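Worksheet for the structure shown next.
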Amino acid sequence: MVCAGSPATVLPAGGDALARVVEEARLLALALHCATLLGLSAWLLDTTVEYAGRRVQFGMPIAARQAVKHRCASMLVQVESVRSMVLELADVLETGAGDRALVAATAMAWTTEAAEEVAGGALQLHGGIGFTWEHDLHHYFKRCTVGALLLGTAAHHRARIAAALTG
């Protein structure tokens, strides 16, 4: 809680008040990370589609190849699924309707795996240029994978979901 007119933050004392504040901060951190993963995944998809359209191999753009089209379509499905999860999480956190911790764990489990798949697909379709320091792709790839180390892997969040559902 922030006191009016003061930059100081006052933490509640006694009982489980502090635990509630920490849980609220954890849920907000998960939501922010999920939103970050959405942005990263969307950038990776857009960059990959643009690159595949201009990268010529054997006399034609690689985007003309069916396998590349399928991979980009898969990445699009992942990005749109992440978008839906992030919007659902934001709605639940804003309105307070539903089990906020369960929705946050579900969103984290889904978005973490989806972002890693999109990043892997982008790296594969970029080929060697994606591995170089001259291209930004490797930064985005790392950002998609490091969040799981800080906020929990998809498996960790699925275990939280299972615990919440089995009670």
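What follows is calculated from the coordinates using simple rules that are stated; it is not laboratory data. No experiment lies behind these values; they were computed from the predicted model shown. Backbone-built Cβ (ideal geometry, glycine too); neighbour counts: all protein chains shown.
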Exercise. Order the peptides 106-118, 154-166 from the highest to the lowest mean number of other Cβ atoms within 10 Å of their residues.
Key: 106-118, 154-166
Practice problem: Quote the relative contact order of the chain in percent (integer), defining contacts as alpha-carbon pairs under 8 Å separated by 6+ residues. | Solution: 24
Quiz item: In debye, nearest 20: dipole of the chain around its Cα centre with unit charges on the Cβ of K, R (+) and D, E (-)?
Solution: 460
Practice problem: Let me have the 222 nm mean residue ellipticity of the chain computed from DSSP H runs of 4+ only, each contributing -39500 (n - 2.57), with the sum over all residues rounded to the nearest 500. | Solution: -26000 deg cm²/dmol
Quiz prompt | Table column - 3J(HN,Hα) (Hz), region 78-84, Karplus curve with 6.51, -1.76, 1.60, x for Gly and Pro | solution = 4, 5, 5, 5, 4, 4, 4
Self-check item: Cα-based Rg / Dmax (Å) for the chain
Solution: 19.6, 71
Quiz item: What's the extension gain from Val22 to Arg143 if we count 0.36 nm per residue and subtract their Cα-Cα distance?
Solution: 41.1 nm
